[in-house]
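Single-structure report; data block below.
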């Protein structure tokens, strides 16, 4: 089973709103990720959590705030977003394969529209 | 120079043909290589991963890796219209859990 779930599927928010995106996996994966994907572009890495600790922050603006409450959950808190932040937000988690490499599996994504 | 390069396409093949998707990468230290399929409006779905030089087959899909040439490819045999999607090549390095994605190749399989 390689299922990563994300809620909500769609989100519309104003520039003054505060909202959160949620991601969950129950596969025992030790790393979880947030990506942002604009139309016709590849996913761009935002954050990586390894063993529930933030290990990579790709210079993301502070209006995006990640949180990893436990090894199965990953949140992305949104505040004072701009219309250009509208995108598909993808969560992924990774497991170690037999050869020692890590393979990332993506959730279905949250499509965010900022008005 | 982009770190991972793919031809954006579209690559158009007739149903039943072999589709060949190619990817080159610049970091010689790269150790893991992935192909994801992404339908319009959906999230990327892992199709294949390969770590060693040579070929790896899974059903109709074959991934090929040549580290000396810094080249990875995906062959899709007996292409079906349902294979029409964007195929993302992703490369993993060492020391960090992050992938570098190519810009994707759009594949169209004509019935």
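The values are calculated or read from the model by the stated rules, or taken from the named source; none is laboratory data. Every value quoted in this text rests on a predicted model; they were computed, and no experiment measured them. A quick note on method: Cβ atoms are made from the backbone with ideal geometry, for glycine too, and the neighbour counts reach across all protein chains shown.
Just give me the residues in region A:77-93 being away from chain B (no Cβ under 12 Å) and surrounded by 15 or more Cβ atoms within 10 Å (Cβ to Cβ), in sequence order. Working first, answer last.
Looking only at region A:77-93, we keep the residues that are away from chain B (no Cβ under 12 Å), and these are A:77-87.
Listed by number, the residues that qualify are A:78, A:79, A:81, A:85, A:86, A:87.
Quick check on my filter: what residues within region B:83-97 are surrounded by fewer than 20 Cβ atoms within 10 Å (Cβ to Cβ) and within 9 Å of chain A (Cβ to nearest Cβ)?
B:96
Do we find a residue being within 14 Å of chain A (Cβ to nearest Cβ), modelled with pLDDT of 95 or more and either surrounded by 20 or more Cβ atoms within 10 Å (Cβ to Cβ) or out of contact with any strand residue (DSSP E or B) (no Cβ under 6 Å at 6 or more places or on another chain) (or both) anywhere in region B:73-82?
Taking region B:73-82 as the starting set, the residues that turn out to be within 14 Å of chain A (Cβ to nearest Cβ) are none.
No, every residue in region B:73-82 fails to be within 14 Å of chain A (Cβ to nearest Cβ), modelled with pLDDT of 95 or more and either surrounded by 20 or more Cβ atoms within 10 Å (Cβ to Cβ) or out of contact with any strand residue (DSSP E or B) (no Cβ under 6 Å at 6 or more places or on another chain) (or both).
Restricting the search to region B:10-52, which residues are at the interface with chain A (Cβ under 8 Å from one of its Cβ atoms), free of Cβ contacts under 8 Å to residues at least 24 places away in the same chain and outside any loop (DSSP other than H, G, I, E, B)?
Hits for region B:10-52 are B:45, B:46, B:49.
Restricting attention to region A:28-43, and to residues there that are facing chain B (nearest Cβ under 8 Å) and touching a strand residue (DSSP E or B) at 6+ places or on another chain (Cβ under 8 Å), which single residue is nearest to residue A:94 (Cα to Cα)?
Looking at the filtered set, the residue picked out is A:31.
So which of A:52, A:44, A:67 ends up being out of contact with any helix residue (DSSP H, G or I) (no Cβ under 9 Å at 6 or more places or on another chain) and over 24 Å from residue A:17 (Cβ atoms)?
Being out of contact with any helix residue (DSSP H, G or I) (no Cβ under 9 Å at 6 or more places or on another chain) and over 24 Å from residue A:17 (Cβ atoms) holds for just one of A:52, A:44, A:67, which is A:52.
Considering only residues that are in a strand (DSSP E or B) and facing another protein chain (nearest Cβ under 10 Å), which ones fall in region A:94-109?
Hits for region A:94-109 are A:94, A:102, A:103, A:104, A:105, A:106.
Among the residues in region B:11-30, are any more than 17 Å from residue B:104 (Cα to Cα) and surrounded by 17 or more Cβ atoms within 10 Å (Cβ to Cβ)?
Yes: region B:11-30 contains one or more residues that are more than 17 Å from residue B:104 (Cα to Cα) and surrounded by 17 or more Cβ atoms within 10 Å (Cβ to Cβ).
Name, by its number, the condition in (1) under 28 Å from residue A:111 (Cβ atoms); (2) touching a strand residue (DSSP E or B) at 6+ places or on another chain (Cβ under 8 Å) that does not hold for residue B:42.
Among (1) under 28 Å from residue A:111 (Cβ atoms); (2) touching a strand residue (DSSP E or B) at 6+ places or on another chain (Cβ under 8 Å), residue B:42 violates only (2).
Would you check which residues across region B:53-68 are exposed (fewer than 12 other Cβ atoms within 10 Å of the Cβ) and assigned to a loop (DSSP other than H, G, I, E, B) and list them?
B:53, B:59, B:68
Quick check, is residue A:74 at pLDDT 95 or above and within 11 Å of chain B (Cβ to nearest Cβ)?
no
If I go through region A:44-71 residue by residue, how many of them are surrounded by 13 or more Cβ atoms within 10 Å (Cβ to Cβ), within 12 Å of chain B (Cβ to nearest Cβ) and in a loop (DSSP other than H, G, I, E, B)?
1
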